[in-house]
Amino acid sequence: MSSADQAFAARTQRAIRACYMRGGTSKGVFFLAEDLPQDPVLRDRLLLRIIGSPDAYGKQTDGMGGATSSTSKVVIVGPSMRSDCDVDYLFGQVAIGEPVIDWSGNCGNLTAAVGPFAIDRCLVQANGDGDGDGRVAVRIWQANIRKRIVCHVPVQGGQVQEDGDFELDGVTFPAAEIPIHFMDPAGGDGQALFPTGRAVDVLDVPGVGPVQASLITAGNPTVLVHAQALGLTGTEMPADFNRDASLLARCEAIRACGAVAMGLAASVQEATQQRPATPKLAFVSPPAAYKSSAGKAVQAGDIDLCVRILSMGVLHHALTGTGAIALAVAAAVPETLARQVIDQTRAGQGAFDPAQLRLGHPSGTLQVGAEASFDGQQWQIARAIVSRSARRLMDGQVFVPERCWAA
């Protein structure tokens, strides 16, 4: 930028230090907490403008957002006040057409980028195995859901190692693998693993009728239903699914009804208008062969469960990280709808190992696992584990028009 351009920007806009990162199958703008205003009203106004929302055209052309739920996200990271964590991580899901940032849940995909970001910003030292190589365990406090996560970041020569041969369906290029351990993922933010106390509920959904659902809080609050409840096979792809306005409306009705049943919203209207990001709605079905969005053949024998998940009102192009955690935990508990489908499919094939759950999603497959035990009264989930990757896309400053700072 020339000196004249810098002078012009200084007069009309203010700069905020930021990093644009991919984490898993999502992208977002990352900030240090110290670089943003402490006033949450001003903070949210600036973040909305940075992302480019609300945008009546649905494109976020005048902002950093990518006009999808996977690319309209913000992350705030700072030193942790907890002795058992290194950093605090706050996630915001930014609506595209409305002036809303939903701070109610976590993004499991962007969690993969929190560790590298913390190291790059010198919040965590990249010591590796003592010689600057290996993996650094970044201990994260997820402030939205009040849970601990450990992100195992590969480092080389004291720097984050981003390049590698780990392939993640839904991401075009390979990168370095980042194993993520979601510690004690059941419940969170005052929620129990099963907020209603039951592994399966029947939701009386206006305009839809009774729908069986497993209402589970793990990773994020999630409403799990069988694909047949929506008249689906479970192998649907986003392009066709998201053109069906009637189907999307039925899905939102089920999700909102589940939010009320879980105690997350006082009414279905509140769930839709004020809490669009959580709970997520996922539907499951037995393994089946299909072609991924990239043309990859997914064989029924390669997966234990077909799953599709909606995010911000549309079918996700892959699988949310927290959705994978919710499915892993649900699969570990025999009474849930997810486990029922798995057990029926595997009849006569031997015991199912919840530590190696294979999920089929629109972009391909994903392996995730949960360590679960029953103490005689309730299920205890020690951890859920999934691997993602992350990469810095751009580091520098984002600019916000001066008028946005005014009250």
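A compact table of results
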read-out: Largest-first principal axis extents, alpha carbons of the range 204-358, Å; value: 44, 32, 27
read-out: Options 229, 285, 263, ranked by Cα towards positive dipole end of the range 229-299, top entry (Cβ charges); value: 285
read-out: Given charges at Cβ of Lys, Arg, Asp, Glu: the range 40-193 dipole, positive-most of 118, 145, 85; value: 145
read-out: Full-stretch length increase - residue 183, residue 406 - with 0.36 nm per residue and alpha-carbon distance subtracted; value: 76.2 nm
read-out: Rounded to 10°, Cα long-axis angle of helix 3-12 versus longest principal axis of the chain; value: 60 degrees
read-out: Inter-label distance for residue 249 and residue 165, nm, one decimal - labels placed 7 Å from Cα along Cα-to-Cβ; value: 5.2 nm
read-out: Whole-number accessible area per residue in Å² for the chain, which is evaluated in the context of all protein chains at 1.4 Å; value: 42 Å²
read-out: Whole-Å semi-axes of the chain's equivalent ellipsoid (Cα gyration tensor); value: 34, 25, 20
read-out: The chain, accessible surface, carbon-and-sulfur percent (1.4 angstrom probe); value: 49 percent
read-out: In the range 227-276, trypsin sites (Lys or Arg not before Pro) in a DSSP loop with at most 15 other beta-carbon atoms within 10 Å; value: 243
read-out: Per-residue [θ]222 nm for the chain (sum of -39500 (n - 2.57) over DSSP H runs n ≥ 4, rounded to 500); value: -6000 deg cm²/dmol
read-out: Options 404, 369, 387, ranked by Cα towards positive dipole end of the range 322-407, top entry (Cβ charges); value: 404
read-out: FRET efficiency, 1/(1 + (r/R0)^6) with R0 35 Å, evaluated for residue 20 and residue 382 via beta carbons; value: 0.50
read-out: Dipole magnitude (debye, nearest 20) for the chain, charges at Cβ of Lys, Arg, Asp, Glu; value: 600 debye
read-out: Separation between Cα centres of the range 133-155 and the range 229-264, rounded to whole Å; value: 32 Å
read-out: At R0 = 35 Å, FRET efficiency that the Cβ-Cβ distance of residue 240 and residue 356 yields, to 0.05; value: 0.65
read-out: Approximate spin-label separation residue 61-residue 34, in nm, with each point projected 7 Å along Cα-to-Cβ; value: 3.9 nm
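The values are calculated or read from the model by the stated rules, or taken from the named source; none is laboratory data. Nothing here was measured: the structure is a model prediction, and the numbers come from that model. So basically every Cβ, Gly included, is an ideal-geometry build from the backbone, and we count neighbours across all protein chains shown. Note: accessible area is taken over every heavy atom of the protein model, side chains too, but ligands, DNA and RNA are not part of it. Shrake-Rupley method; radii C 1.70, N 1.55, O 1.52, S 1.80 Å.
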